[in-house]
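Following: one structure in structure tokens, then a few remarks.
What follows draws every value from the coordinates through simple rules; no lab data is involved. In this text, all values refer to a predicted model and were calculated from it rather than measured experimentally. Reconstructed Cβ throughout: ideal geometry from the backbone, glycine too, with neighbour counts over all protein chains shown.
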Amino acid sequence: MEIFTLLETLEEALERGKNLPFSNKALVDKEEILDIIKEIRLKLPDELKQAKWIKEERNRIMVEAQKEAEEIVKEAENRIIAMIDEHEITRKAYDQKAEIIEAANEMSREISQGTKDYADNLLEKIEIALEDALKTIQNNRKELK
């Protein structure tokens, strides 16, 4: 930064000045000091503008970084919620699958038992019919003898 260089030059000019005896005062080249001060005044607005721009740019970058950080956090929260929902849906699906399998097994047992009962009932009727037929055959044989 040129301002600092000019300030250093000003300090050097003051140090080069001749000390007055018995005082803390010095004789300096007035024109040289005024020229340095004039240059500082000319450079100062540019330096201030640049410093202001740097400050504004820093603030803009900070705001942008904050927004980006908030977006990342929000996205992470949404992903976590989605994962939780997905996990919940998966858990419910497994629970529902278990219920469906149990219901299917129960229905299978009922159908199997119903089939056995039907077959037993049918065989009983056939057995009765066969016993009746056998009695008839036996009675017919007795009559023949």
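Points worth noting:
- Mean shadow area of the chain, taken as a quarter of the surface of its Cα convex hull (nm²): 19.1
- Test item: Cα-centred dipole of the chain, Lys/Arg +1 and Asp/Glu -1 on Cβ, debye: 280
- Farthest toward positive dipole pole in the chain [+1 Lys/Arg, -1 Asp/Glu at C-beta], among Asn140, Ile54, Thr115: Asn140
- Across the chain, C-alpha contacts under 8 Å between residues 6 or more apart give a mean separation that, scaled by the residue count, equals a relative contact order of 15 percent.
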